[in-house]
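Contents: one structure, followed by commentary.
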Amino acid sequence: MDLNNAQQWLSRFFDYIEEHKAYLSELDNPIGDGDHGHNMARGAKAAREALEATPPTSLEMMFKTVGMSLLSKVGGASGPLYGSVFLAFANQLKGQDEIKDPKTLFASGLEAIVRRGKASVGEKTMVDVWTPFTEKLNQAVSSEDIESMVLATKPLKATKGRAAYVGDRSIGHIDPGSYSSGLFFKAFIEAHH
Amino acid sequence: MQGIVIVSHAYGIAEGLKALLSEIASDIPITTAGGLDEATIGTNLPRVSDAIEQNPAQTLHVFYDLGSALMNVEMAEEMTEKNLIVHKAALVEGAFIAAAMIMSQADAEKITEELKKLIVK
């Protein structure tokens, strides 16, 4: 995946965020503060504007620009979490003009999420989709695969993040951060093919 | 010199707490990162970093309210040269005690020890 492709990936991701803004916030309502969609859309808009203002000439620059936009504009926990992912990507792709090894790239993102959010598998967070997705990147991953990873967060009981405070009532709801991560993965595999 | 940094999702909380602390400790440098702006709830890295860098003190006691505030504080901590002590104490009570103790010349270690009684996070 070269810079042009990677730009399509992010552009598609931002489109998805915008399209699913209301749904993401709706998912966040029963278990969080109902602002995930709105926050992410604000970040996506800022990132898009920053990329337009200073068109990136490298993968590193592109991910850094997006990471900094999300860190300044999102506001909720998804700001530092997604922001850290993009900064880790930028770091990983320093001096490279192609994404040759997606598995290593996504692993660096997952590591950043874990480091920042201190969550582990099974706590109903982004980690629950980032982990299986990264593991599966050796082979072809389909949108259906991604969908089932996202849906698998539904029966989990949240023990991290704000959703932990609603306890058992978090069971039966898809984790919003996992849903938006699913959109990110979906945009990736679509841009990759 | 020791200072205090207040990080809150709400502008009003951060500014209100600063006003409260200034009542007992008008000489202590206190900076805030409250909300995304005066009207928007949230925390972000640039505002937290600004509060840290604009505080004239080199040793800073940092108090925060909720989850993502800590994530941004930790990111800012990795980027600054200053000596940050991030307290998991109750925001209002913790910051108040720290301000009072800084006023009475207590060192950072003693303050940290005292604030352990108030850990709520």
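Table for the structure above
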read-out: Built amide H within the under 5 Å cut-off of A:Ala158, gap 5+; value: A:Ser170, A:Ile171
read-out: Local electrostatic count at A:Glu147 - Lys and Arg +1, Asp and Glu -1, tallied over other residues with Cβ under 15 Å; value: -2
read-out: Net charge contributed by nearby residues that have their C-beta within less than 13 Å of B:Ala90 (K/R +1, D/E -1); value: +1
read-out: Neighbourhood charge, 11 Å Cβ-Cβ cut-off, centred on A:Ser84 and excluding it, Lys, Arg +1 and Asp, Glu -1; value: -1
read-out: Distant-in-sequence amide H partners of B:Ala33 (H built 1.01 Å from N, under 5 Å); value: B:Ile6, B:Val7, B:Ser8
read-out: Within segment B:31-101, chymotrypsin sites (Phe, Trp or Tyr not before Pro) in DSSP loop having at most 13 other beta-carbon neighbours inside 10 Å; value: none
read-out: Principal-axis tilt of helix A:36-53 within chain A, Cα atoms, nearest 10 degrees; value: 10
read-out: Cα long-axis angle, helix B:11-24 against chain B (0 to 90 degrees, to the nearest 10); value: 20
read-out: Percentage relative contact order, segment B:1-68, counting C-alpha pairs under 8 Å, at least six apart; value: 47
read-out: Loop sites in segment B:4-43: GluC sites (Glu not before Pro), DSSP, at most 13 other Cβ within 10 Å; value: B:Glu38
read-out: Debye equation applied to the C-alpha atoms of segment A:79-163, log10 I(q)/I(0) at 0.13, 0.20 Å⁻¹; value: -0.44, -0.97
read-out: Förster-model FRET efficiency, 22 Å R0, B:Lys117 and B:Thr59, C-beta, rounded to 0.05; value: 0.60
read-out: Whole-number D in µm²/s for segment A:29-93 (Stokes-Einstein; Kirkwood sum over Cα pairs; 10 °C, 1.306 mPa s); value: 134
read-out: Cα centroid separation - segment A:124-167 against segment A:1-75, whole Å; value: 19
read-out: Cα gyration tensor category, rounded, prolate or oblate, for segment B:1-89 with a/c compared to 1.5; value: oblate
read-out: Average Cα contact separation per residue, chain A, under 8 Å, 6 or more apart, as relative contact order %; value: 24
read-out: GNM flexibility winner over chain B from B:Ala33, B:Ala25, B:Ala106 (Cα, springs under 10 Å); value: B:Ala106
read-out: P(r), alpha carbons of segment A:1-131 - 5 Å bins starting at zero, rounded %; value: 2, 11, 18, 24, 22, 14, 6, 2, 0
read-out: Greater than 28 Å apart at Cα, pairs in A:Lys73/B:Lys82; A:Lys124/B:Lys88; A:Lys21/B:Lys88; A:Lys160/B:Lys18; value: A:Lys21/B:Lys88; A:Lys160/B:Lys18
read-out: Segment A:105-193 - percent relative contact order, Cα under 8 Å, separation 6 or more; value: 29
read-out: Relative compactness, the protein assembly as shown, computed as alpha-carbon Rg over 2.2 N^0.38 Å; value: 1.04
read-out: Counting all C-alpha pairs of segment A:39-193, share separated by more than 25 Å (%); value: 28
read-out: Exposure proxy ranking, count of Cβ atoms within 10 Å, fewest first, for B:Arg47, A:Arg169; value: A:Arg169, B:Arg47
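Each reported figure results from applying straightforward, stated rules to the coordinates on display, with no laboratory input. What you are looking at is a predicted structure, and each value in this text was computed from that prediction instead of being measured. With ideal geometry, Cβ positions are generated from the backbone for all residues, glycine too; neighbour counts draw on all protein chains shown.
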